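What follows is a short report on a single structure.
The values are calculated or read from the model by the stated rules, or taken from the named source; none is laboratory data. What you see is a predicted model; the values in this text were computed from it and never measured. Neighbour counts run over all protein chains shown; Cβ positions are idealised from the backbone, glycine included. Side chains included, ligands, DNA and RNA excluded: accessible areas come from the protein's heavy atoms. Shrake-Rupley method; radii C 1.70, N 1.55, O 1.52, S 1.80 Å.
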Amino acid sequence: MNSSWIDLHCHSHFSDGFLSPTELLKRAASNGVEVLALTDHDSISGLEEARQASFDTGISLINGCEFSCRWNGLGVHILGLNFDLANENLNRFLVQQNLLRWDRARLINEKLHRKGLTGVLENVDLNSRQVPPSRPDLAAAMVRLGYVKDTAEAFKKYLGTGKVAEVPQVWPLIDTVVQVINEAGGGAVIAHPTRYKLSGTKLRSFMMEFKGLGGEAIEVVYSGQKQGEIGMLTDYAARAGLLASVGSDFHTPAYPWADLGRITSLPERASPIWLQWGYPNSRQIN
Ligand code: AMP
Ligand code: MN
Ligand code: MN
Ligand code: MN
C-alpha cells in the first residue's frame with residue numbers, strides 16, 4: 001500500500017465528504033499523514049474546526065478549498081492552497097459560490113424533471129449538513145426514488161460531464177478563481193487533470209493558459225490514476241512551468257481506494273508545491 005506523509009486534497013461534511021473535520025484529521029493522523037490540506041468544494045467552513053483538531057493530532061494543516069469553475073465551457077476544479085482565511089474578497093466570493101450552487105441544483109432539477117425524473121431536489125437529504133446540494137446529493141435522491149440503480153449510473157446517464165443534466169455554465173470563469181486565490185495569498189492548482197477527458201494537446205494548452213493566468217501547480221498524483229499518468233503529468237507540469245501537487249481526494253472511509261495519505265510519492269524529478277512552505281522534498285530527506 002502506497003503511503004504519503006503529505007495529502008493536499010480531501011473533503012469533510014462541510015461539502016460532499018462523510019466525516020467531520022475532527023474525524024478526518026484523526027483518520028489522517030492514524031494513516032501517517034503529517035501535512036494535510038482540507039479542500040472542501042467551494043467552502044472554507046470546515047477549516048476552523050480542522051485547525052483545532054490539527055493541534056490535537058499534531059498535523060500541519062494547510063488552508064484549502066476546491067473551487068468549481070469553467071474553462072472553455074468545461075466544468076473544472078481548481079484547488080486554492082495556503083491562502084489567508086480572513087481575506088475579505090475570498091470570503092465574499094465563496095458566499096456567491098454558495099448561491100450559485102443552489103441555483104445550479106435548481107437548474108439540474110429542472111432538466112431532470114423534463115426527462116421525467118420528478119421530485120429529485122425535494123428528496124435531497126443533506127443529513128443536517130449546512131451545505132448546498134452537490135451532485136452526489138442529487139444522485140443519492142435519484143437512487144432513493146428508483147430512477148437509477150446507483151450513484152455511478154446517475155452520473156453516467158444524467159449528471160456527469162456532457163450529460164443531459166450537467167450545468168457547468170453557472171460557475172465563474174477560471175480566470176476569476178485564480179485571481180481570487182492569488183489575491184488571498186494562495187496558490188492555484190488544477191485538480192485531477194486527467195479526469196476532464198481532454199486530449200493530450202488540449203490538456204497541455206489548458207496548463208499553459210492556466211500558467212498565464214497566474215496558476216501555480218497541477219495535481220500530479222491522485223487516486224484512481226492509470227498506468228503512466230504520473231510520469232506524463234510530471235512532464236506536462238515541467239513544460240508549462242507549473243509545480244506538482246498530490247492529493248487523495250478522500251471523501252469517505254467507504255471508498256478505500258481514495259483514503260487519506262494512500263497515494264504514491266512524486267517522482268524525484270518533480271518540483272513539489274510545498275518546498276516554498278518550508279517542507280522537505282520527501283520525508284526521507286529530513
Ligand atoms: P459537484 O461539486 O456538486 O459538482 O459534485 C462533484 C462531485 O461529485 C465530485 O467532487 C465527486 O465527489 C463526485 N463525483 C463526480 N463524478 C462522480 C461519479 N462518476 N460517481 C460518483 N461521484 C462522482
Ligand atoms: Mn466531491
Ligand atoms: Mn474535484
Ligand atoms: Mn475533490
Q: Please give the calculated 222 nm ellipticity per residue for the chain, where each DSSP H segment of at least 4 residues contributes -39500 (n - 2.57) and the sum is spread over every residue; nearest 500 deg cm²/dmol?
A: -10500 deg cm²/dmol
Q: Take the alpha carbon atoms of region 152-214, find their center, do the same for region 1-56, and report the distance between the two centers in whole angstrom.
A: 22 Å
Q: Give me the number: length gained by fully extending Ala152 to Asn281, i.e. 0.36 nm times residue separation minus the C-alpha to C-alpha distance, one decimal in nm.
A: 42.8 nm
Q. In terms of the Cα gyration tensor, with a ≥ b ≥ c the square roots of its eigenvalues, is region 33-188 rounded because a/c is under 1.5, prolate because a/b exceeds b/c, or oblate?
A. prolate
Q. For Gln130 and Leu173, what does the FRET efficiency come to when R0 = 25 Å and r is the distance between their Cβ atoms, rounded to the nearest 0.05?
A. 0.35
Q. Which percent of the accessible area of the chain is formed by carbon and sulfur heavy atoms (probe 1.4 angstrom)?
A. 50 percent
**Q.** Residues of region 47-79 with amide N under 20 Å of the 7 Å Cα→Cβ point at Ser205
**A.** 70-77
Q. Which pairs in the list Lys156/Lys226; Lys26/Lys226; Lys115/Lys226; Lys26/Lys149; Lys202/Lys226; Lys163/Lys202 are over 23 Å apart, alpha-carbon to alpha-carbon?
A. Lys26/Lys226; Lys115/Lys226; Lys26/Lys149
Q | Within the chain, percent of DSSP bridges classed antiparallel, to nearest 5 | A | 40 percent
Q | Cut-off 19 Å (backbone N to label point 7 Å along Cα→Cβ of Val143), residues of region 232-253 | A | 250-253
Q) Where a ≥ b ≥ c are the square roots of the eigenvalues of the C-alpha gyration tensor, would you call region 149-286 rounded, which needs a/c under 1.5, or, failing that, prolate if a/b is larger than b/c, or oblate? A) oblate
Q: Filter the trypsin sites (Lys or Arg not before Pro) in region 85-120 down to the DSSP loop ones having no more than 14 other Cβ atoms within 10 Å, then list what survives.
A: Lys115
Q: Kindly express, to the nearest 10 degrees and within the range 0 to 90, the angle between helix 200-213's C-alpha long axis and the longest C-alpha principal axis of the chain.
A: 70 degrees
Q: Have a look at Ala141, His113, Val95 and report the one farthest towards the positive end of the charge dipole of region 47-185, computed about the Cα centre with Cβ charges (Lys/Arg +1, Asp/Glu -1).
A: His113
